[in-house]
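Report on the structure given below.
Laboratory data are not the source of any read-out in this text; all were calculated from the coordinates shown. Everything numeric in this text was worked out from a predicted model, so none of it was measured. Positions of Cβ are generated from backbone atoms using ideal geometry, with glycine treated the same way; all protein chains shown enter the neighbour counts.
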Amino acid sequence: MMTMLAFSLLATAFDLRDYKIPNALCAGMMLTGVCMTAYHLGFSALRFSFAGILIPFTLLYLVFYCGMIGAGDIKLFSGIGAFAGTKIVLIMALAFLFNGILAAGKLCMKGNFMERIGRFYVYARACEEKGRLLTDYPSDEDSRIHFSIGILAAVVVFYLVAR
């Protein structure tokens, strides 16, 4: 558990610095999670570790396709899933909750809630007119959040509760 927390903290530090989470870090996290699962729980538990890796890719592909979440965030979820197994679904739900709170706070601080709702409405209408999801969701530096912060908060809560 502590290893999962340390990897998540390191990934958040990279994200805050560069808006990127290195592939090598995520791959190392997945490999470490699989190895630790096999060591502590036996090889029969590896199916849970692999499920934890695959669930984020499966559930979040559509959100990534629309440009609303980065690939690094999905790979970070998969790295965490290597440790947490199928409980990654709970961690993902918590992360989305925490990031929703973070985004709402940012909207309140910037005072541009109606502008952001307007942008989303324009995007939704464009999708409706084209009859498909568009991959160019309007984004600028002012609208971005570091999703890894909510992921880290979810891992901390999971760590504290699951110990």
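Observations, loosely collected:
- Restricting region 105-135 to trypsin sites (Lys or Arg not before Pro) that sit in a DSSP loop and have at most 13 other Cβ atoms within 10 Å of their own Cβ leaves 132.
- When the Cα positions of 57, 33, 83 are compared along the charge dipole of region 12-123, 57 comes out farthest toward the positive end, with charges on each C-beta of Lys, Arg, Asp and Glu.
- Taken along the Cα-to-beta-carbon direction at a fixed 7 Å, the label points for residue 38 and residue 117 span 5.2 nm.
- Axis angle, to the nearest 10 degrees, between helix 88-110 and the longest C-alpha principal axis of the chain: 30 degrees.
- Rh (Kirkwood; distinct C-alpha pairs) - the chain, Å: 16.6 Å
- Between 0 and 90°, nearest 10: helix 46-65 axis offset from the chain longest Cα axis: 10 degrees
- Placing unit charges on the Cβ atoms only, positive for Lys and Arg and negative for Asp and Glu, gives the chain a dipole magnitude near 300 debye about its Cα centre.
- Rg/Rh for region 76-120 stands at 1.20; both radii use Cα atoms, and Rh follows the Kirkwood definition.
- Principal-axis analysis of the Cα atoms of the chain puts helix 113-130 at an angle of about 90° to the longest axis.
- Over all pairs of different C-alpha atoms, region 1-78 has a mean inverse distance whose reciprocal, the Kirkwood radius, equals 13.1 Å.
- 222 nm mean residue ellipticity, helices alone, for the chain (DSSP H n ≥ 4; -39,500 (n - 2.57); rounded to 500): -26500 deg cm²/dmol
- Alpha-carbon centroid distance for the pair region 1-46 / region 100-115, whole angstrom: 31 Å
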